[in-house]
């Protein structure tokens, strides 16, 4: 394999041990003498990606456990990993069997996805958690904002209907400040129970803030 430095620049990580990157790019079908394949790195990388993305999604407090799990699964999906592989042009570096080279449509997408996971595993092995986090921040964390996470009011309604079979009710609690700079405070209720308060420059913003706070409370329970 040549020009690996170009791939390293695209990844944003320079390997101390280049052999790890070479192994991560070697598909099991290649069977290169004296060289391991990427199966173990793929296993390690898949688990590491799941962990680091879950940690980030939890830290962002996007909603209930179900929402967090769904977001994590979407970010770590084969579609996202394939998109990363194509953006890095991993196909140009991937070592695969002649059979796969002659019939690229058969299993190539799976091989590319596996290669991204293997590269993540190799990065973790070579540079540790901080190196892997840098890779995730560049390629995966941005996907969290693209997976279509619903707004807090929708998420809260889904969570309450799933847990209590009731819908949240929003009530204006306070309206303060001059006409051109008003601040609205809204309470979100489950029946007669006040779940949380939220404030904003509009009633809609205040309702979203209250819903977000209520979601955080529900997650912590």
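The values are calculated or read from the model by the stated rules, or taken from the named source; none is laboratory data. In this text, all values refer to a predicted model and were calculated from it rather than measured experimentally. Virtual Cβ from ideal backbone geometry, glycine too; neighbours counted across all protein chains shown.
Spot the failing condition for residue 48; the list is (1) within 14 Å of the chain's Cα centre (by Cα); (2) more than 16 Å from residue 134 (Cα to Cα), and only one is missed.
(2)
Look through the range 194-205, keep the residues that are without any contact (Cβ under 8 Å) to a residue 24 or more places away in the chain and crowded, with 20+ Cβ neighbours inside 10 Å, and return whichever of them is nearest to residue 160 (Cα to Cα).
The selected residue is 196.
Filter the range 202-217 down to residues that are touching a helix residue (DSSP H, G or I) at 6+ places or on another chain (Cβ under 8 Å) and more than 20 Å from residue 59 (Cα to Cα), then give me how many there are.
1
Out of everything in the range 173-193 that is within 20 Å of residue 160 (Cα to Cα) and at pLDDT below 95, what residue ends up being farthest from the chain's Cα centre (by Cα)?
At the first step, the residues of the range 173-193 found to be within 20 Å of residue 160 (Cα to Cα) are 186-193.
This time we only want the ones that are at pLDDT below 95, so: 190-193.
Details: 190: 31, 191: 35, 192: 37, 193: 34 Å.
Per the criteria, the residue is 192.
Read through the list (1) buried (at least 18 other Cβ atoms within 10 Å of the Cβ); (2) touching a helix residue (DSSP H, G or I) at 6+ places or on another chain (Cβ under 8 Å); (3) farther than 13 Å from residue 132 by Cβ, then give the number of the only condition that residue 53 fails.
Of everything listed in (1) buried (at least 18 other Cβ atoms within 10 Å of the Cβ); (2) touching a helix residue (DSSP H, G or I) at 6+ places or on another chain (Cβ under 8 Å); (3) farther than 13 Å from residue 132 by Cβ, residue 53 misses just condition (3).
Take the conditions within 30 Å of residue 213 (Cα to Cα), modelled with pLDDT of 90 or more and either in a helix (DSSP H, G or I) or in the same structural domain as residue 162 (by TED's automatic domain parsing) (or both) and apply them to residue 56. Does it pass? Can you show your working first?
Details: within 30 Å of residue 213 (Cα to Cα): yes; modelled with pLDDT of 90 or more: yes; either in a helix (DSSP H, G or I) or in the same structural domain as residue 162 (by TED's automatic domain parsing) (or both): yes.
Criteria met by residue 56.
Could you list, in sequence order, the residues of the range 8-48 that are touching a strand residue (DSSP E or B) at 6+ places or on another chain (Cβ under 8 Å) and within 22 Å of residue 77 (Cα to Cα)?
Across the range 8-48, the qualifying residues are 25, 26, 27, 38.
Which of the residues spanning the range 74-110 are under 17 Å from residue 44 (Cα atoms) and at pLDDT below 90?
Matches in the range 74-110: 110 only.
In the set 146, 138, which member is under 27 Å from residue 23 (Cα atoms) and under 16 Å from the mean Cα position of the chain (by Cα)?
Details: 146 fails: under 27 Å from residue 23 (Cα atoms).
Going through 146, 138 in turn, just one is under 27 Å from residue 23 (Cα atoms) and under 16 Å from the mean Cα position of the chain (by Cα): 138.
Considering each of 12, 45 in turn, give the residue that is under 16 Å from residue 126 (Cβ atoms), in contact with a helix residue (DSSP H, G or I) (Cβ under 6 Å, 6 or more places away or on another chain) and surrounded by fewer than 15 Cβ atoms within 10 Å (Cβ to Cβ). Explain how you work it out, then say what you get.
Values: 45 fails: surrounded by fewer than 15 Cβ atoms within 10 Å (Cβ to Cβ).
Within the list 12, 45, the selection yields 12.
Given 131, 210, which one is more than 18 Å from residue 72 (Cβ to Cβ), surrounded by 12 or more Cβ atoms within 10 Å (Cβ to Cβ) and in the same structural domain as residue 70 (by TED's automatic domain parsing)? Reasoning before the result, please.
Details: 210 fails: in the same structural domain as residue 70 (by TED's automatic domain parsing).
Going through 131, 210 in turn, the sole match is 131.
Filtering the range 69-79 down to residues that are buried (at least 18 other Cβ atoms within 10 Å of the Cβ) and in contact with a helix residue (DSSP H, G or I) (Cβ under 6 Å, 6 or more places away or on another chain), which residue is farthest from residue 158 (Cα to Cα)?
The selected residue is 76.
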